[in-house]
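The values are calculated or read from the model by the stated rules, or taken from the named source; none is laboratory data. Everything quoted here is computed from the prediction, not taken from an experiment. Every residue, glycine among them, receives a Cβ derived from its backbone with ideal geometry; neighbour counts consider all protein chains shown. Just the protein is used for accessible areas: all its heavy atoms, side chains included, with ligands, DNA and RNA removed. Shrake-Rupley method; radii C 1.70, N 1.55, O 1.52, S 1.80 Å.
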Amino acid sequence: MLDILFKRGTVVAPSGRFRADVGVRDGRIALLGEDLGAEAGELVDAGGKYILPGAVDAHVHLSMISNGVPTADDYFTGTRAAACGGTTTVIDYAAQRKGQGILESVGARIDMARGQACVDYAFHCILTDLHGGALLDEFGAAAAAGITSFKCFTVYKREGLMMADGDLSRVLVAAARHGILTNVHAENADLLYSRVASFLADGKTSAWYHYLSRPEFVEAEADRRVVHWAKALGVPVYLVHLACAEGLEAVAEARGQGFPVYAETCPQYLAFDSEVYKRPDGANFVCSPPIKGAASREALWRGLRTGSVSTVATDHCPFTLAQKAVGHGNFVDIPNGCPGVETMYPYMLSAAQAGKISLEKAVEVCAANPARLFGLPTKGAVAPGLDADLVLYDPDAHVTVTQTLMHSSTDHTIWEGLSLTGYPERVYARGALVFDRGRFTGHAGHGVYCKRVPGGALR
Ligand code: URP
Ligand code: ZN
Ligand code: ZN
């Protein structure tokens, strides 16, 4: 006997869509096929609806302290928001403190999220200290423990996060040897620090100068350099929150030559352009890299259509209005980051309905690709044996995003007023109903830590 049987739905996969019934038992997809006659505890009429895999958001920051300022969302509220937007797995970051090991750093974060998360979760480890090279010897143990991705920074030098070029190249090579995918936040630190200093010296302190201190070329140079190394070293690399046309050109060229180079972009880079920083609420859009000009935005959409952008993730990193307002007189004091985990899948699916990309592509970049690249074989697709992380999506719903509908604990959203066609009607995380027609129905502790499988970037 099944627990749930979805009848007469349309399942969407990257390769196409098809009519099917979906049977769920013990949190997994047990049956998939047309006109299933099996007995079930609950029948759900999915006629006229899409049955989608839950999204896998490979880039969130929950319970993070940025320059002394805590993010508005913790593991409960951030994953509650995720669940309500159809995202059933999140990958957060465990930052290595100087002297700490990888397993130790990730272990501490697992302890923080345990009992709090409403959807499943994993952690990329942010590497900041190679212990003179000795840390490379821990990569094998990390892969065996299911930590299959690292993040390195070419920025945040003064914050102690930046990795020297030589160290980054060593990480790229050693990580690849163990099937670990290195993620890089690429911007040129020295260029942006010098631009910040000259704007401040001229009294140019508004949010617009956040953009001008790190515009297109400041990111593109670093994107290009990282892609160049990955090609020369023959290793995979994943550029997080890529936001500029020229960086994407480097990725597209490398991919065209057969190199395993991957770009992630975020909805804020697809929906807005740098003009938002001139608005009175420009501080709310401050994130790094900043949102770029309209030409980059259009290039990112083209990159999605042509396959040079592999994933869409949110970089969800919300701060309250009061926290953002601290930087009112000086853009360098604005905490970096925006909310987005609840709106990502609805936004991308609505854009698909409007013809910007196909629905299949939205499922591919929001669910299938991040699951594959980051080693989550039971996520990202609607198929027998996989986790029943399912979104019953109503393509005819009309929702206008407003803060009171959101489930994050921040007090505003940059997505305010966004008009969406289509919306998740119900969301299931491993078979449990976590969102039901506007209401959160999950609970803290339902989410479990996902031990991941190495080698996803090469399959
Ligand atoms: O502005 C951002 N993106 N804040 C989060 C940290 C990061 O670099 O991803
Ligand atoms: Zn980053
Ligand atoms: Zn981030």
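Solvent-accessible area of the range 347-459 (1.4 angstrom probe, protein heavy atoms only): carbon and sulfur portion equals 55 percent.
Judged by the mean number of other Cβ atoms found within 10 Å, the most tightly packed of the peptides 9-15, 440-446 leads the ranking 9-15, 440-446. Largest first, the residues 407, 316 sort by 1.4 Å accessible area into 407, 316. Dividing the summed -39500 (n - 2.57) terms of all DSSP H runs of n ≥ 4 by the residue count of the chain sets its mean residue ellipticity at 222 nm at -8500 deg cm²/dmol. What percent does the relative contact order of the range 118-162 come to when contacts are Cα pairs within less than 8 Å and at least six residues apart? After rounding, I find 44 percent. Can you tell me how the range 68-198 classifies by the Cα gyration tensor, rounded, prolate or oblate, using a/c under 1.5 as the rounded cut? Oblate is the answer for the range 68-198, as a/c is 1.5 or above yet b/c matches or exceeds a/b.
Close amide H pairs (under 5 Å, H built 1.01 Å from N) link residue 316 with 61, residues at least 5 positions away or on another chain.
For the range 54-376, what's the relative contact order in percent, using C-alpha pairs closer than 8 Å and at least 6 residues apart? That works out to 19 percent. Counting only protein heavy atoms and a 1.4 Å probe, the chain has 35 square angstrom of accessible area per residue. Spin-label model, residue 7/residue 198: points 7 Å from Cα along the beta carbon direction are separated by 6.9 nm. Residue ranking by accessible heavy-atom surface, 1.4 Å probe, largest first, among 8, 80, 452 comes out as 8, 80, 452. Normalised by the number of residues in the range 1-128, the average gap of Cα pairs under 8 Å and 6 or more apart makes the relative contact order 21 percent.
Label sites at residue 104 and residue 158, each approximated as a point 7 angstrom past Cα along Cα to Cβ, lie 2.9 nm apart.
Between residue 18 and residue 443, the modelled label-to-label distance comes to 3.7 nm, taking each label 7 Å out from Cα in the direction of the beta carbon. Of all DSSP beta bridges confined to the chain, the antiparallel ones make up roughly 50%.
Please list, or write none, the lysines whose alpha carbon is within less than 26 Å of the alpha carbon of residue 49, excluding same-chain residues fewer than 8 places away. Output for residue 49: 7, 356, 361, 379. Solvent-accessible surface (1.4 Å probe) assigned to residue 1 amounts to roughly 140 Å². In this structure, residue 97 and residue 383 have a Cβ-Cβ separation that, at R0 = 30 Å, corresponds to a calculated FRET efficiency of about 0.15. Using a probe of 1.4 Å, the accessible surface attributed to residue 159 totals some 90 Å² when neighbouring protein chains are kept in position.
Would you work out the charge dipole size for the chain about its Cα centre, treating the Cβ of every Lys and Arg as +1 and the Cβ of every Asp and Glu as -1, and quote it to the nearest 20 debye?
With Lys and Arg at +1 and Asp and Glu at -1, about 480 debye.
Heavy-atom surface analysis with a 1.4 Å probe gives the range 116-270 a carbon and sulfur content of 52 percent of its accessible area.
For the chain, hydrophobic long helices are taken as DSSP H runs at least 15 Å long by C-alpha position along their axis with mean Kyte-Doolittle hydropathy of 0.5 or more; these are 102-113, 189-201.
Taking all protein chains as they are arranged and a probe of 1.4 Å, the heavy atoms of residue 170 leave approximately 100 Å² accessible to solvent. In plain terms, the C-alpha convex hull of the range 54-376 casts an average shadow of 14.9 nm² when viewed from every direction. Cα convex hull, the range 328-423: 149 Å³ per residue, rounded to a whole number. Per atom type, the range 1-81 shows carbon and sulfur on 47% of its accessible surface, probed at 1.4 Å.
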